[in-house]
Amino acid sequence: MKQNHEEHKEKHHHNHEACGCGHDHEHEACGCGHDHEHEACGCGHDHGHEVCGCGHDHEHGSGDKESHSHVQSDAKQKVYILENLGCANCAAKMERKIKELPEVEDAVITFATKQLKVASNHQEDLLPVLQEICASIESEVVVKQKESKVHKEKQEENQKAIIGILAGAVLFAAGMIFEDSYPTVTSIGFVIAYLILGGKIVLQAAKNLKKGHVFDENFLMSIATLAAFAIGDFAEAVGVMLFYRCGELFEDIAVEKSRGQIMDAVDMRPEVVNLLHGDEVEVIPAEEAQIGDVLLVRVGDRIPLDGVILSGESRIDTAPVTGEPVPVKAGEGDRVISGCVNTSGMLKVRVEKTLGDSMVTRILQSVENAAASKPKIDRFITRFARVYTPFVVILALGTAIIPSLITGDWKFWIYTAITFLVISCPCALVLSVPLAFFSGIGAGSKKGILFKGGIALEALKEVKAVVMDKTGTITKGNFEVQKCISLGAWKEEELLAVAAGCESTSTHPIGNSIVEEAKKRFVELERPSKVEEISGKGIRAQMKLGEVLCGNRALLEMHHVNVQMMESDVYGTEVFVAINGELAGYLVIADTLKEDSVSAIRKMKKYGLRTAMLTGDAKTSADAIAKKAGVEEVYAQLLPEDKVEKLKEIRQKNGAVMFVGDGINDAPVLAGADVGAAMGSGADAAIEAADVVFMTSSMEAIPQSVAIAKATGAIAMQNVVFALIVKALVMILGLMGFANMWLAVFADTGVAMLCVLNSIRILYKK
């Protein structure tokens, strides 16, 4: 029985890191590359939208909504890992240069995950070229194929940096203390300290200068500090480099921590699985498990791969995937998804999807690819930084020369100019926005909300109206008995027992709901001796009581039973029961409102959102649900093309629109919305193509997603405004003679670090 797993040993190995990127990413797909099968419930009722899964462009009235992130090309696509990539601005330069290669059709660098995705038909010869380009911009960067196992000794690197900083700090402190007593010795000490702290930076600046890279942080810091040496400010030059290195280290640690926090929330991929061979257990790497393998899942273990329970019974905690806090019961024949926790019983699970296709990987890919989807504000900041840095350098040059020629005070104006050079580094700006959006994506994933990129978050915060499907979105999508009304001498339990007996062999959802209600009430069922199904009307059956009719009004009228219609305050389908030609009563069957629908719609209104419902169901049912839930506008009995027209009307009247469905149909409406959102209840296509996926299938997720989008937008704007104001203020203070290079370094690395810390606040929002 043992299968040969060695052939797949490296098939699904992944290495992921995350933070926030600062690049112009236009197109990136989910990356899974697998076909996904989609099943509908088949009940014939109105559900949300089925999406094609192709990642289609969403067309909108405003014309500025972009497509999902894809590397749009028919060429072969390959993913590389950029080890030691530390600068968001440098990553943007790398991306531009790689795109200019004639053999490359498209390329995307995601600073958030340190991934480079390249579309090219010459992949076999590309790696050395990519390495050369990346190393020419940031020499420490090593380009590796994603499948190769990458081991980053980040802790060791930080320890080496700390030792160098401490050595430089000791020499700097000694120099400051003995500067007046031993000027020559302290000058030598300052030079040694500078070489320890800044030697690597100056060397890198010289290398980059040969390659034409002028406006990077290495060059700017080198020129500024060497100019300080030239005018005799030895202590200042060393002190600024010390402060810069400290700020750079803290910024790096803060970014790495934010990456870890975000990816810990979404990376639930198992390292190993327990493969069963009869009664024996073999521990193998998760990527080696194949479809059809049987895995043992012990109590407390995460379910490693998507599959079906072969034996055992347990309660499954789905909170890590869906955010739903209440464990669900699962037993033989039930499907289980990876990432959920087995809480109470040992299970044997047959693998249905390998690691690359399983939910844990798809969630991770969704979050990773989201980082490459760059919102408008991010693209603006990247373009702005390309203009801003040369502008400040030219301003610094003018400040050094023009006032000095007029006043003759060369030392003061050169010192002012070099503070401008330090301020001009764009890293704080380039890093601040994408990290805010990526943190927002991470915050959503912790609540079971998958945002498909910064574009979705940015669009969502501008939404003015929420349009919802009815069945499966506002309602549970399953029928339940709302009322059981008996007439004459018949008791309620007797009526239910007769109706459930008639429907015991039925596969119709309405018939099933009657049987389920009887089971809930522990009512004994009598199997009919003879059953005749009358199409479109109901059932005629022979039971101990006599002839029983169970169905709609047309069935009873066909058999000349006097049906007295009774007013009911409960909407739904009425199932009449007649015994021996006399009406015994009726049951009201209806889809049930989700428990959180009312509170969720109330919260949407608090955000100033207009609510509307589009459905193909009957007007009476739609109106009743809308009234209960508090939905303001209702449009019923609509065909798919009618829904698109109604959506356009709602957008014209209110502004940007979000459409929410359960992912089974209504693809045209999804495509027509500014933000398309899908309930994650059973539709694989929803996870692949919707802008937002609510894994919980909860209505509460809608206002939660809006809250996260608004918080993310606010924090991104705070970061931009804070960085620009601090830089502008230090420039003004420098011109007035009140700012030194120490303050300029704070305006660069200090501001970047504060923006990083501000961004990860979203992760802790309740």
Selection within region 405-437 - within 38 Å of the chain's Cα centre (by Cα) and of a type in the set (Val, Ile, Thr): VAL422, ILE423, VAL430, VAL433
Those residues of region 469-495 which are open to solvent by less than 30 Å² (accessible area, probe 1.4 Å), farther than 18 Å from ALA541 by Cα and of a type in the set (A, V, I, L, M, F, W, C), in sequence order: ILE474, VAL481, CYS484
Unique match (being buried (at least 24 other Cβ atoms within 10 Å of the Cβ), over 23 Å from ARG245 (Cβ atoms), of a type outside the set (S, T, N, Q) and in contact with a Lys or Arg (Cβ under 8 Å, 6 or more places away or on another chain)) among ALA747, ALA709, ALA716: ALA709
Only one of VAL644, VAL660, VAL669 that is touching a Gly at 6+ places or on another chain (Cβ under 9 Å) and open to solvent by 10 Å² or more (accessible area, probe 1.4 Å): VAL644
Region 74-127, residues that are open to solvent by less than 20 Å² (accessible area, probe 1.4 Å) and β-branched (Val, Ile, Thr): ILE81, ILE98, VAL104, VAL108, ILE109, THR110, THR113, VAL118
Selected residue (criterion: most open to solvent (accessible area, probe 1.4 Å)) from residues of region 518-541 that are among the basic types (Lys, Arg) and assigned to a strand (DSSP E or B): LYS530
Residue match in region 379-391 (condition: small (Gly, Ala, Ser) and either at pLDDT 85 or above or touching a Phe, Trp or Tyr at 6+ places or on another chain (Cβ under 9 Å) (or both)): no
Enumeration of residues in region 695-721 that are closer than 21 Å to VAL751 by Cβ and touching a residue at least 40 places away in the same chain (Cβ under 8 Å): ALA711, THR712, GLY713, ILE715, ALA716, MET717, GLN718, ASN719, VAL720
Whichever residue in region 571-629 is touching a helix residue (DSSP H, G or I) at 6+ places or on another chain (Cβ under 8 Å) and of a type in the set (Asp, Glu) and, among such residues, is farthest from THR473 (Cα to Cα): GLU574
Among the candidates VAL466, VAL498, residue that is outside any helix (DSSP H, G or I), crowded, with 24+ Cβ neighbours inside 10 Å and modelled with pLDDT of 85 or more: VAL466
Residues (more than 30 Å from SER136 (Cβ to Cβ) and buried (at least 18 other Cβ atoms within 10 Å of the Cβ)) located in region 158-204: ALA169, LEU171, PHE172, GLY175, THR186, GLY189, PHE190
Residue match in region 590-597 (condition: in contact with a Gly (Cβ under 6 Å, 6 or more places away or on another chain), buried (at least 19 other Cβ atoms within 10 Å of the Cβ), touching a residue at least 40 places away in the same chain (Cβ under 8 Å) and under 30 Å from THR696 (Cα atoms)): yes
Strands (runs of 3 or more DSSP E) wholly inside region 582-636 containing at least 3 residues that are within 18 Å of VAL675 (Cβ to Cβ): 610-614
Boolean, GLN155 is open to solvent by 20 Å² or more (accessible area, probe 1.4 Å), modelled with pLDDT under 70 and part of a helix (DSSP H, G or I): yes
Selection count, region 384-393, where residues are open to solvent by 20 Å² or more (accessible area, probe 1.4 Å) and over 18 Å from ALA227 (Cα atoms): 6
Flag if ALA396 is open to solvent by 10 Å² or more (accessible area, probe 1.4 Å), without any contact (Cβ under 8 Å) to a residue 60 or more places away in the chain and out of contact with any strand residue (DSSP E or B) (no Cβ under 7 Å at 6 or more places or on another chain): no
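The values are calculated or read from the model by the stated rules, or taken from the named source; none is laboratory data. Since this is a predicted model, take the numbers as computed values, not measurements. Cβ sites come from the backbone with ideal geometry, for glycine too, and all protein chains shown count toward neighbours. Accessible surface is based on the protein model in full, side chains and every heavy atom, while ligands, DNA and RNA are left aside. Shrake-Rupley method; radii C 1.70, N 1.55, O 1.52, S 1.80 Å.
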